[in-house]
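What follows is a set of notes on a single structure, which appears directly below.
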Amino acid sequence: MQTLIFADEMGRVLAIDFGTKRCGIAVTDELQLIASGLTTVERKDMMDFLSDYLISEEVELILIGEPKQKDGSPSDVEEHILKFIKKFSEAFPKQEILRVDERYTSKMAFQTMIDSGLKKKQRQNKALLDEISATIILQEYLYNK
């Protein structure tokens, strides 16, 4: 008879594609092997959503996309992201946050929608686009980890 021994569970990694209206969110499984889209949250509700999520799930790391222009300069939304990070860090000082380059994730997400056979009307769903973008950010992190 074989006995399976599992390593201690790690916390999840959560990725945020932060936008001016809403934020796409993706998360890994406890073993940090699989990235899955979780949801899309209105920006104004992000602190409440994350507070509730962090109570119910063990999160080791939060990735927040760092949107840049083609020339590498910060995107317009960066100012809002920095304000959010400051507020979040004050509320959760022990929670690790890592910024990751998110250039081209929206284009990649849109192409993923096309490749998966979504109809034109379905591809106009901006919330789904944001969630897929967050998933791509997370997959890139896991791949390069």
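Would you mind ranking THR112, THR105, THR135 by Cβ crowding within 10 Å, fewest neighbours first? Walk me through the intermediate numbers first.
On the way: THR112 16, THR105 26, THR135 23.
Starting with the residue having the fewest Cβ neighbours, the order is THR112, THR135, THR105.
Sort LEU138, LEU14, LEU54 by Cβ crowding within 10 Å, fewest neighbours at the top. Display every interim value, and only then the final one.
Details: LEU138 29, LEU14 23, LEU54 16.
Result, fewest neighbours first: LEU54, LEU14, LEU138.
Return the sequence-ordered ³J(HN,Hα) values of the stretch 13-27 in whole Hz as given by the Karplus equation 6.51 cos²θ - 1.76 cosθ + 1.60 applied to θ = phi - 60°, using x for Gly and Pro.
10, 10, 10, 10, 9, 7, x, 6, 9, 8, 10, x, 10, 10, 8
Please state the charge dipole magnitude for the chain, taken about the Cα centre, from unit charges on C-beta atoms (+1 on K and R, -1 on D and E), reported in debye and rounded to the nearest 20. All intermediate terms of the calculation are to be shown ahead of the outcome.
On the way: 20 positive and 25 negative charges, 175 e Å.
In total the dipole reaches around 840 debye.
Of LYS44/LYS70; LYS44/LYS86; LYS68/LYS107; LYS44/LYS119; LYS94/LYS126, which sit over 24 Å apart, Cα to Cα?
Working: LYS44/LYS70 28 Å; LYS44/LYS86 15 Å; LYS68/LYS107 14 Å; LYS44/LYS119 30 Å; LYS94/LYS126 32 Å.
Cα-Cα > 24 Å for LYS44/LYS70; LYS44/LYS119; LYS94/LYS126; rest within.
As I understand it, the dipole of the chain uses +1 on the Cβ of Lys and Arg and -1 on the Cβ of Asp and Glu, about the Cα centre. Which of VAL100, THR112, LEU31 lies farthest toward its positive end?
THR112
May I ask what percent, to the nearest 5, of DSSP beta bridges between residues of the chain are antiparallel?
Working: 12 of 23 bridges.
Rounded to the nearest five, the antiparallel share is 50 percent.
Where in the stretch 68-134 are there chymotrypsin sites (Phe, Trp or Tyr not before Pro) that are in a DSSP coil and have at most 14 other Cβ atoms within 10 angstrom of their Cβ?
Values: sites: PHE84, PHE88, TYR104, PHE110; in loops: TYR104.
Taking the stretch 68-134 and a limit of 14 other Cβ atoms within 10 Å, the loop chymotrypsin sites (Phe, Trp or Tyr not before Pro) found are TYR104.
Rounded to the nearest 0.05, what FRET efficiency is calculated for GLU58 and LEU118 with R0 set to 41 Å and r the Cβ-Cβ distance? Numbers along the way, then the final one.
On the way: r = 33 Å, r/R0 = 0.80.
Efficiency at R0 = 41 Å is approximately 0.80.
Values quoted throughout were computed directly from the atomic coordinates according to the rules given, and no laboratory measurement underlies them. Remember, it's a predicted structure, so these values are computed and weren't measured experimentally. We place every Cβ from the backbone using ideal geometry, glycine too, and count neighbours over all the protein chains shown.
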